[in-house]
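Notes to accompany the following structure.
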Amino acid sequence: MNRKRILTLASALSLTCSPAIGGEMRFTGTAKTFSGGILYTEDHDISGSCRDGSFRPDAHQVSYRWPDQEQPFARKDLVYGESLIRPTVNFRQPQFNESITINYTGEFKLEVNWQAPKGETKTFDISFPENLVVDAGFDNFVRRHWEQVLSGESVYFHVLAPTRGEHFAFVLEPAENPDITADHVFQIRPTGFVLRFLVKPIQLGYDANGALTDYYGLTNIRKNKDSNYTAHIRYRMTDWPDCELIR
C-alpha cells in the first residue's frame, strides 16, 4: 500500500473522531553552490493541524547553520493566520545586523520593518492584491494550485519584495531542470518586461505527495552586505503530518 493510500485511510479514520487533529511536519535542507559545495543547512519545524483531510500549518520555524556548527547563524519565524499564503515573518541574521519583520495592519495592507545590513532602518506600508504571496507562503500556494499546474496551466500571482517595499507580478508554471530529480518540476518567474531581465526564475522540485524536494535560485540568506546566496537547496522530510499535504 503506498504512502498516499495510507494517509488517505488515516485521514478518513481521524476525521470520524475529530474535525481537526494536531500535526507536525519537519524537514531539513542542504544548500549547495551549483558546483556542489555546501553553503549551509536548514532545519524546518512546522506545527499545524489536519483539517478536511489535509495539513494546515499554523507556525513555522527555520534555523540556518553553517557546516559543522551547532549554533544557528540565522532564524526565521512564520505564523499563518487568516491566509496560508501570507504568514507574518520575523527573520534575523545577526552576522549582518539584519532583521525583517512583516505584519498585517488591515485588509490587504501590511507593514515591513527592515533593519538593513548597512545600518539604516526602513519601514514600508504596502497595499496588496488578494493573490499576493509572502515568503514561504509560496509552498502552500503551489499545493493550492497543484492540479492546475500539473495539467499544464500557468497561475498568475504577486510576490512581496520586502526590502524593496513593493510587490511584483509572477507566474507559476511547469518547468524542466536536469539538476532537479523530482517527480514534478515547477518554476516561478516574473512577468514584467524589465524584471524578466533582472531576476532569474526560481525552480522548484516536488514529490508526488506534494512535499518540496528542491529549491533552485536566489535565497534569503545574505552572502555579503550587497547580495544574497544563489543555491540549489535539496530537502529531506524527517517527520510527516498525520494527513496529506494535498487533497
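The values are calculated or read from the model by the stated rules, or taken from the named source; none is laboratory data. In this text, all values refer to a predicted model and were calculated from it rather than measured experimentally. Note that each Cβ is placed from the backbone with ideal geometry, even for glycine, and that neighbours are counted across all protein chains shown. Note: areas computed on protein heavy atoms with side chains; ligands, DNA, RNA excluded. Shrake-Rupley method; radii C 1.70, N 1.55, O 1.52, S 1.80 Å.
Below, the figures for the structure above:
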item	result
Complete set of residues in the range 156-184 that are among the β-branched types (Val, Ile, Thr) and out of contact with any Phe, Trp or Tyr (no Cβ under 8 Å at 6 or more places or on another chain)	Thr181
Condition check for Thr181: open to solvent by 50 Å² or more (accessible area, probe 1.4 Å) and under 27 Å from Gly23 (Cα atoms)	no
Hits in the range 1-42 (condition: among the hydrophobic types (A, V, I, L, M, F, W, C), surrounded by 13 or more Cβ atoms within 10 Å (Cβ to Cβ), out of contact with any Lys or Arg (no Cβ under 8 Å at 6 or more places or on another chain) and modelled with pLDDT of 90 or more)	Met25, Ala31
Single unsatisfied condition, Arg86 versus (1) open to solvent by less than 10 Å² (accessible area, probe 1.4 Å); (2) in contact with a helix residue (DSSP H, G or I) (Cβ under 9 Å, 6 or more places away or on another chain)	(1)
Gly106, sole failed condition from (1) without any contact (Cβ under 8 Å) to a residue 12 or more places away in the chain; (2) closer than 22 Å to Ile233 by Cα	(2)
Unmet requirement for Phe34, which otherwise passes all of (1) within 18 Å of Ile221 (Cα to Cα); (2) in a strand (DSSP E or B); (3) touching a His at 6+ places or on another chain (Cβ under 7 Å)	(2)
Cβ-Cβ under 9 Å pairs, at least 6 apart or on other chains, the range 55-81 side farther than 19 Å from Pro94 by Cβ, far side among the basic types (Lys, Arg) and surrounded by 15 or more Cβ atoms within 10 Å (Cβ to Cβ)	His60/Lys76; Tyr80/Arg56; Tyr80/Arg86
Search result, residues across the range 40-50 that are over 15 Å from Trp240 (Cα atoms) and more than 14 Å from the chain's Cα centre (by Cα)	Tyr40, Thr41
Failed criterion for Thr191 (all others in (1) in contact with a strand residue (DSSP E or B) (Cβ under 6 Å, 6 or more places away or on another chain); (2) more than 30 Å from Phe108 (Cα to Cα); (3) exposed (fewer than 15 other Cβ atoms within 10 Å of the Cβ) hold)	(2)
Every residue from the range 70-83 that is of a type in the set (S, T, N, Q) and open to solvent by 50 Å² or more (accessible area, probe 1.4 Å)	Gln71
Residue satisfying condition, being modelled with pLDDT of 95 or more and crowded, with 19+ Cβ neighbours inside 10 Å, within set Leu172, Leu150	Leu172
Given (1) modelled with pLDDT under 95; (2) open to solvent by 20 Å² or more (accessible area, probe 1.4 Å), number of the condition Asp45 does not satisfy	(1)
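One line per residue, one yes/no per condition, for (1) outside any loop (DSSP other than H, G, I, E, B); (2) open to solvent by less than 40 Å² (accessible area, probe 1.4 Å); (3) at pLDDT 95 or above:
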{"site": "Pro57", "(1), (2), (3)": "yes, yes, yes"}
{"site": "Tyr64", "(1), (2), (3)": "yes, yes, yes"}
{"site": "Asp68", "(1), (2), (3)": "no, no, no"}
{"site": "Phe91", "(1), (2), (3)": "yes, yes, yes"}
{"site": "Glu111", "(1), (2), (3)": "yes, no, yes"}
{"site": "Asp125", "(1), (2), (3)": "yes, no, yes"}
{"site": "Glu130", "(1), (2), (3)": "no, no, yes"}
